[in-house]
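Worksheet: one structure, shown below.
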Amino acid sequence: MLSKHTHTFTKSNNSVGQKLSDVLDPETLISPPSIAFAMGIIHLAAAENTDKQLTDMFGQKNTVDGLIEIQKLFNQSIIKMANCFVFNEIFKIKDEYLNTVKQLAMICVRNFSQPKLIAQECNDFIAQGTNNLIQNIVKPDMITSDTVSILINTLYFKTVWRKPFKKHLTTDKLFDEKVMVPMMKQRKMMAYFEDDNVQMIELVYEGEEYGMVVALPKNGDVKGCSKYLFNDITFKFEHVDCEFPKFTQRKNIDLKPLLMKNGVSDLFSSGECKLSSMSDQKVYVSDIIHEAVVIVDEAGTEAAAVTVAMMCIESCYEEPEYIEFYAHKPFAYAIRRRACNTVIFSGRYFGPQ
């Protein structure tokens, strides 16, 4: 029985997965929970139309308690989630929001004047959180004078099949009539579904909590059959002769235009973004990048993902308080050699003669 928070997040997770899948290129790879969790942390600060657009995109607004529960769900023996929020020391973040995100993410406050060091620290966190499957995502030139925070979510998954494929049965076969690939083979009872559009199987991992669902289109429309991945499918156990490729897939995606296509626009506008629970400063999200990698072989699966959100204010330069020195009245002056204070001209000025 799913808890209320788990049900809410699952609904949000699958909703965003489906929506992004609809606007992505045919060949793609994403990790919806990495995206949904990172955006959920940002969403906690959202107000007004920014809040509405995010709620429309993700189906609902997650609570702090809900995100804490989900984070526990994604931190077990075979799956690990980590979050890090790196703040520019000049950023005036509200205490209430800071105390909230401390429950969800590691907090780092840094001087952003050295972008290379900040990028390196972010990339070290990403590499550690993905078992080095994803590296060098944050580039120094992404950190500008306006950057006030960087939010990072990592997700790592590694486990074995409940029934591994036998290596000696793997042979090279033609894939899509174009290229030879190592094709694994199993003949056994497995979860199977079929209708007019697709054939589907589920390959179960050890422990049976996780499985890989594979949808094979009958008409060649891979993008069209992706919707099956996010729906509840009633499988039946059938005798299946399964041939499935060993593969490694990696994709890096700019999420900003995809979210904007789905109606999330205010978040990226310095004039319209309302993250008022985060700061009184005009903060907005400048970029969101996402990378995912999946490795499948006879033994099992290793996969990782990262979502990075860069946040800026219109200008990180704050007008200092100036001491007034208005020479509106007579004054004395000297022109001097500074090194030894040798005065070479001196005078008192009382205005034009």
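The values are calculated or read from the model by the stated rules, or taken from the named source; none is laboratory data. Model, not experiment: these values are computed from the prediction. As a convention, Cβ positions derive from the backbone with ideal geometry for all residues, glycine included, and neighbour counts pool all protein chains shown.
Below, the figures for the structure above:
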read-out: Meets criteria (among the hydrophobic types (A, V, I, L, M, F, W, C), in contact with a helix residue (DSSP H, G or I) (Cβ under 7 Å, 6 or more places away or on another chain) and buried (at least 21 other Cβ atoms within 10 Å of the Cβ)) for Leu20; value: yes
read-out: Identity of the residue in region 167-180, closer than 14 Å to Phe244 by Cβ and of a type in the set (Val, Ile, Thr), that ends up surrounded by the most Cβ atoms within 10 Å (Cβ to Cβ); value: Thr170
read-out: Complete set of residues in region 273-309 that are within 19 Å of Leu155 (Cα to Cα), within 19 Å of the chain's Cα centre (by Cα) and of a type in the set (A, V, I, L, M, F, W, C); value: Ile288, Ile289, Ala292, Val293, Val294, Ala303, Ala304, Ala305, Val306, Val308, Ala309
read-out: Matching residues in region 235-269 - criterion: being under 15 Å from Ala309 (Cα atoms) and aliphatic (A, V, I, L, M); value: Ile253, Leu255, Leu258, Leu259, Met260, Val264, Leu267
read-out: Test: Ile126 is closer than 30 Å to Pro140 by Cβ, of a type in the set (A, V, I, L, M), in the same structural domain as Val293 (by TED's automatic domain parsing) and not in a strand (DSSP E or B); value: yes
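Conditions tested, residue by residue: (1) of a type outside the set (S, T, N, Q); (2) closer than 15 Å to Pro245 by Cα; (3) outside the structural domain of Asp241 (by TED's automatic domain parsing); (4) in a strand (DSSP E or B).
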{"site": "Ile107", "(1), (2), (3), (4)": "yes, no, yes, yes"}
{"site": "Ala119", "(1), (2), (3), (4)": "yes, no, yes, no"}
{"site": "Cys122", "(1), (2), (3), (4)": "yes, no, yes, no"}
{"site": "Gln135", "(1), (2), (3), (4)": "no, no, yes, no"}
{"site": "Thr154", "(1), (2), (3), (4)": "no, no, yes, yes"}
{"site": "Phe165", "(1), (2), (3), (4)": "yes, yes, yes, no"}
{"site": "Pro182", "(1), (2), (3), (4)": "yes, yes, no, yes"}
{"site": "Lys188", "(1), (2), (3), (4)": "yes, no, no, yes"}
{"site": "Glu202", "(1), (2), (3), (4)": "yes, yes, no, yes"}
